[in-house]
1. So which pairs qualify, if the first residue must be in segment 168-187 and assigned by TED's automatic domain parsing to the domain that holds Val258 and of a type in the set (Val, Ile, Thr), the second must be part of a loop (DSSP other than H, G, I, E, B) and surrounded by fewer than 24 Cβ atoms within 10 Å (Cβ to Cβ), the Cβ gap must be under 9 Å, and the two must be at least 6 apart or on different chains?
2. Could you tell me whether segment 297-306 includes any residue that is modelled with pLDDT of 95 or more, assigned to a loop (DSSP other than H, G, I, E, B), touching a Leu at 6+ places or on another chain (Cβ under 6 Å) and not assigned by TED's automatic domain parsing to the domain that holds Trp155?
3. Return yes when Ala445 is at pLDDT below 95, within 24 Å of Thr353 (Cα to Cα) and in contact with a Gly (Cβ under 7 Å, 6 or more places away or on another chain) and no when it is not.
4. Tally the residues that are outside any loop (DSSP other than H, G, I, E, B) and loosely packed, with under 15 Cβ neighbours inside 10 Å, restricting the search to segment 125-146.
5. Find the residue count for segment 91-112, including only residues that are within 30 Å of Ile373 (Cβ to Cβ) and of a type outside the set (Phe, Trp, Tyr).
6. Please return the ranges of strands (runs of 3 or more DSSP E) entirely within segment 182-272 where 1 or more residues are within 21 Å of Arg457 (Cβ to Cβ) and touching a Pro at 6+ places or on another chain (Cβ under 6 Å).
7. Tell me which residues, restricted to segment 227-248, are within 30 Å of Pro449 (Cβ to Cβ) and at pLDDT 90 or above.
8. Name every residue in segment 426-467 that is among the aliphatic types (A, V, I, L, M) and either closer than 23 Å to Trp196 by Cα or outside any loop (DSSP other than H, G, I, E, B) (or both), in order of residue number.
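The values are calculated or read from the model by the stated rules, or taken from the named source; none is laboratory data. These numbers come from a predicted model, not from an experiment. Neighbour counts are summed over all protein chains in view; Cβ atoms, including those assigned to glycine, are modelled from backbone coordinates with ideal geometry.
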Amino acid sequence: MRAVTHLATRLTPLACAAGLTLAMASSTVFSPLAQAQTIREAPLRAHLSFLADDLLEGRGTGQRGGDLAVRYLETQAALIGLQPLPGGGYRQPVRFEGTKLLPGSSVTFRAGDARLSPIIGQGIVFGTGSGKAALSFDAPLLFVGYGVSAPEEKWDDYKGQDVKGKILVMMVNDPQPTAEEPNRFAGKAYTYYGRWLYKFEEAVRRGAAGALLIHTTPSASYPWSVPANGFSHERFHLNGAGNNIEGWLHEDTARDLVGASGFDLDELRRRAESRDFQPVDLKASAHVELRSTIRQVEQFNVAGIVPGTDPKLKQEAVIYSAHWDHLGIDEGVRRDDKTDHTYNGAIDNASGTAALLVMAAEAVKRPAKRTQIFLWPAAEEQGLLGSAAYVAHPAWPLDKTSADLNLDSMNFAGRTRDIGVAGAERSSLYETAGQVAKKMGLKLAPAIPDISGAYFRADHFNFAKAGIPAFNVGSAVFSGDGHFEFEKDQKANSDTLVAFKKDYHQVTDEYRPGWDLSGMVQQAQFTLNLGYAVANAPAMASFKSSDPFSKVKR
């Protein structure tokens, strides 16, 4: 799940691996072989309109629409001429557990004489990752600030306290920079410690009974409707890998709860900004009644290969990725002619899925020196599960994989004069991106602090965690910072983008025939050109030595 910013069983490993190269400052990168074929709008629009159609029911994980999307992608991969994976076929199985909250579930907080029972969807959203269909328990509440343990930052919100059996209440985002430490936790930017995934995972590692995150739109970078919609659908985990209870508190609920316990929420937040912070016993408890459906689900990544042409370099590869899934359709809900229950996910991410198909079709016509892999991961909306499964059981050895170029929520508002490459500055990919942009008559969009944590919220991040240079190729149209320039009417395009921000993870993210896809074509062309530049370069890409991921061993 990626908020819009900067307009996004195992396989037997292949006998050879791929590596990607970065241009070292030389114009040799742009030899004729380095140039990709031309992306055309007509096939992109055709794929996009079909993938976002009601027929595919929002391409939900574990739903019929998801199965239809996988079948479409593997059929198109064969038609395009992509080589199948080892053993034949284009599917990589991804197995996980699906849970959906049932009526009768509730959380009641006790603080002093007060009893608070927030309404599900309005004051609280929650579920389980325990794999248990029925849970009934009481647990004390412990406020743990940001819930962060970061030795490299000399930061520990837990201070050695035993949290087993407790429900941890915590803030979203990272400790904020100060005048004395303007660069702590990357300054104004977001780090992985700020992500809800990290916070839930840390609670599991410490044996807590659960974790509840306090939502604010600025700290989460998206409105309450996003977690509310997410928890109203079936959610997925690796089997039994989650908390007994995990979810979000609306800020009003958190304020009422903390106040009933005799504390002030703003004062607790202030204290949490210090390294001296100590966990706070809220002198409150929660009674949890949790009923869920639990099922085992097998979904599929889809991948196809364009073998490289160089006898030696073809052992290395560059990956292009775009998740195919969205939120699906509300099952078991009363339907009538006036109510829409389908989360079509036209922009997020039928757009990237369609773009990869047209890019693959052109790559087959003119292979690069290194092998190119086109990967459509499953279950991105469920916590990047499909890309995590690929990295755990790669179709191509990770030490021979040079880069991942990801597409997610693409530009549908018209051509731009610059291109967003947020995250590329972590690696040598940034210099190559600049050369490719210049040749296309584009500029790289100005770097801005990653205040929404976008780098950690799309499939490329799992590759980065494995030490593979990776980023999401965006468009400055989505930056919202006033620096972008349109070749067409700025106000019309701006209004279109504002409308999509309201559509994000809503049933209104639907395909519209009137969209100007010239910007999407431009973005896809840039991504393919960049892939060719690195696939034909003399050396593999690498993280900068100062970047945390440079120390990861693949």
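1. Val172/Arg195; Val172/Thr216; Val172/Ser221; Thr178/Glu273
2. No, every residue in segment 297-306 fails to be modelled with pLDDT of 95 or more, assigned to a loop (DSSP other than H, G, I, E, B), touching a Leu at 6+ places or on another chain (Cβ under 6 Å) and not assigned by TED's automatic domain parsing to the domain that holds Trp155.
3. Working: at pLDDT below 95: yes; within 24 Å of Thr353 (Cα to Cα): yes; in contact with a Gly (Cβ under 7 Å, 6 or more places away or on another chain): yes.
Yes; evaluated as a whole, the condition is true for this residue.
4. So the first thing to find is which residues in segment 125-146 are outside any loop (DSSP other than H, G, I, E, B), and the list is 125-127, 134-143.
So of that shortlist, the ones also loosely packed, with under 15 Cβ neighbours inside 10 Å come out as 134, 136, 138.
The number of residues fulfilling the criteria is 3.
5. The qualifying residues number 7.
6. Per the criteria, 245-250.
7. Pro227, Ala228, Phe231, Glu246, Gly247, Trp248
8. Of all residues in segment 426-467, those among the aliphatic types (A, V, I, L, M) come to 429, 433, 436-437, 440, 442, 444-445, 447-448, 451, 454, 458, 464, 466.
Residues satisfying the conditions are Leu429, Ala433, Val436, Ala437, Leu444, Ile448, Ile451, Ala454, Ala458, Ala464, Ala466.
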